[in-house]
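Here, each number is a calculation from the coordinates, and none is a lab measurement. None of these values were measured; they are calculated from a predicted model. Cβ atoms come from the backbone with ideal geometry, glycine included; neighbour counts cover every protein chain shown.
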Amino acid sequence: MNETIVKFGWPDTLVCEYTHWLILLRPAQPTLGSLVLAAKSDATAFGDLPPEAHAELAIVTNAIETALKAAIDYSRINYLMLMMVDPNVHFHVLPRYEGTRSSAGLTVPDAGWPGQPDLASAVKLDAAQRDTLLAWLKPYFV
């Protein structure tokens with residue numbers, strides 16, 4: 001796996017795997033259910049991904065949106081492709097909502113609602129919280 005995927009905790013944060021993409025639980029949760037959608041490729045530019053990865057992205061984003069809608073009941077969803085520190089192609093996927101959401105022993109406010117997400121307010125997960133949140137979230141990705 002590429003260095004960005006490893007930095008986001010793979011394999012311990014793995015939610016779901018596709019041919020070209022991984023869905024990882026984001027280790028810091030600015031909103032409950034925040035994910036990292038990471039290309040398995042070593043590409044550092046979105047346009048450098050193979051056509052098959054772009055085609056599969058439609059399937060993966062549909063799965064993410066369906067799962068997070070059922071789990072979080074978000075109002076909006078943000079896909080942030082920042083790639084300033086972590087070089088390989090990836091998105092931060094943030095379900096957005098007014099107020100808070102709670103599950104798996106965590107309550108997480110959307111501190112930026114209705115504006116830009118407030119990444120600095122993210123709840124940093126310890127290993128036990130990560131594992132509990134993963135166990136709760138994975139079944140939504142069927």
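Here are the numbers:
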| item | result |
| --- | --- |
| Per-pair calculated FRET efficiency, R0 = 41 Å: D42 and A127 via Cβ, rounded to 0.05 | 0.90 |
| Separation of alpha-carbon centers, segment 1-78 and segment 83-122, rounded to whole Å | 14 Å |
| P(r), alpha carbons of the chain - 10 Å bins starting at zero, rounded % | 12, 45, 35, 7, 0 |
| Dipole of the chain, positive direction: furthest Cα of P95, L14, H54, with charges on the beta-carbon | P95 |
| Segment 76-142: radius of gyration and largest Cα-Cα distance (Dmax), Å | 13.2, 33 |
| Over segment 11-77, relative contact order from alpha-carbon pairs under 8 Å, at least 6 apart, % | 24 percent |
| Helix 51-72 vs. the chain, principal-axis angle (Cα, 0 to 90°, nearest 10) | 10 degrees |
| FRET efficiency estimate (nearest 0.05) - Cβ-Cβ, K138 to M81, R0 22 angstrom | 0.35 |
| Between helix 127-137 and the chain: long-axis angle, C-alpha atoms, 0 to 90°, nearest 10 | 80 degrees |
| Simple spin-label estimate for H54 and D73 in nanometres, 7 Å along Cα-Cβ | 3.8 nm |
| Global form of segment 44-96, assessed from the alpha-carbon gyration tensor, a/c cut-off 1.5 | oblate |
| The chain - mean residue ellipticity at 222 nm from DSSP helices (-39,500 (n - 2.57) per run, n ≥ 4, rounded to 500) | -8500 deg cm²/dmol |
| Net charge of Cβ neighbours under 13 Å - reference K69; Lys, Arg +1; Asp, Glu -1 | +1 |
| Charge sum, other residues only, whose C-beta stays under 13 Å from G99's C-beta, Lys/Arg counted +1 and Asp/Glu -1 | -1 |
| For the chain, size of Cβ-based charge dipole, Lys and Arg +1, Asp and Glu -1, in debye | 320 debye |
| Net dipole in debye of segment 82-142 [+1 Lys, Arg Cβ; -1 Asp, Glu Cβ; about Cα centre; nearest 20] | 140 debye |
